[in-house]
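S.K.: Starting off with a structure, shown below.
The values are calculated or read from the model by the stated rules, or taken from the named source; none is laboratory data. What you see is a predicted model, and the numbers here were worked out from it, not measured in a lab. Ideal geometry is used to build each Cβ from the backbone, glycine not excepted, and the neighbour counts take in all protein chains shown.
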Amino acid sequence: MTMWNRRRAKCCARQCCARQCCAPPWLRTIGAYQFGRTQYYGQSRAAGFTLLEVLVAVAIVAVALVTFMGLHLRSLDATIRAQDLTAAVLLAQGKMATMGEFPDTGETQGRFEGPELERFQWATAVTERRLDVGGRSATVRRLEVTVFWVDGQQRRHYTLEAYGVQQ
């Protein structure tokens, strides 16, 4: 063991480490053990990324970021539309509930009150038909409640219909 250490120190002092003479015999047979510096021809020893690699990576990240931002914007738009539609459905149901069981015929319109509801409007229409079946007479009324609102540049609406029969 001492002889190997002396040989190693002597060999490494001469910078001849390209050979595997300093390795223990069991490592020399595998060829997986080297001492000293590795010589690179035509390359620098500095580790890192080239400018081209960095630019390509930044371009890929930029494209992915723009795509994800677009998806996020579409998701927000869809959420706002869903909230508006849900509000319109609830407002139409509430308006129809206040009309009563068998309202008078005619058309009316108006606005909902409240700061959150100022952009919603409503219109109601009640029409009547008389049916004669087998000597019996029935009156059918069609109730229609439409809620309008502005979504950006578009005017949207939701219509709720119900029918009432009176004999």
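S.K.: Just to be sure I understand the filter: pairs with C-beta atoms under 9 Å, separated by 6 or more residues or on different chains, first member in the stretch 77-96 and at positive phi, second member at pLDDT 95 or above and among the β-branched types (Val, Ile, Thr). Which pairs pass?
M.R.: Partner pairs satisfying both residue conditions: none exist.
S.K.: OK, next. Does residue 67 meet the test of being loosely packed, with under 12 Cβ neighbours inside 10 Å, over 20 Å from residue 164 (Cβ atoms) and within 16 Å of the chain's Cα centre (by Cα)? Lay out the reasoning, then the answer.
M.R.: Details: loosely packed, with under 12 Cβ neighbours inside 10 Å: yes; over 20 Å from residue 164 (Cβ atoms): yes; within 16 Å of the chain's Cα centre (by Cα): yes.
Yes, satisfied.
S.K.: Where in the stretch 103-167 are there strands (runs of 3 or more DSSP E), lying wholly inside it, with at least 2 residues that are out of contact with any His (no Cβ under 6 Å at 6 or more places or on another chain), aliphatic (A, V, I, L, M) and touching a residue at least 12 places away in the same chain (Cβ under 8 Å)?
M.R.: 120-133, 136-151, 154-166
Residue-wise test of (1) modelled with pLDDT of 95 or more; (2) more than 37 Å from the chain's Cα centre (by Cα); (3) more than 29 Å from residue 128 (Cβ to Cβ).
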residue: 77; (1), (2), (3): no, no, yes
residue: 86; (1), (2), (3): yes, no, yes
residue: 100; (1), (2), (3): no, yes, no
residue: 106; (1), (2), (3): no, yes, no
residue: 109; (1), (2), (3): no, yes, no
residue: 112; (1), (2), (3): no, no, no
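S.K.: Still on this structure: For residue 53, are the conditions met, namely being loosely packed, with under 12 Cβ neighbours inside 10 Å and assigned to a helix (DSSP H, G or I)?
M.R.: It is true that residue 53 is loosely packed, with under 12 Cβ neighbours inside 10 Å and assigned to a helix (DSSP H, G or I).
S.K.: Could you please give the count of residues in the stretch 130-151 that are surrounded by 13 or more Cβ atoms within 10 Å (Cβ to Cβ) and of a type in the set (D, E, K, R)? Give the steps one after another, and end with the answer.
M.R.: Taking the stretch 130-151 and keeping what is surrounded by 13 or more Cβ atoms within 10 Å (Cβ to Cβ), we get 139-149, 151.
Filter once more, keeping what is of a type in the set (D, E, K, R): 141-142, 144, 151.
Summing the residues that are surrounded by 13 or more Cβ atoms within 10 Å (Cβ to Cβ) and of a type in the set (D, E, K, R) in the stretch 130-151 gives 4.
S.K.: For the stretch 127-167, name all the residues that are of a type in the set (Lys, Arg) and within 30 Å of the chain's Cα centre (by Cα).
M.R.: 155, 156
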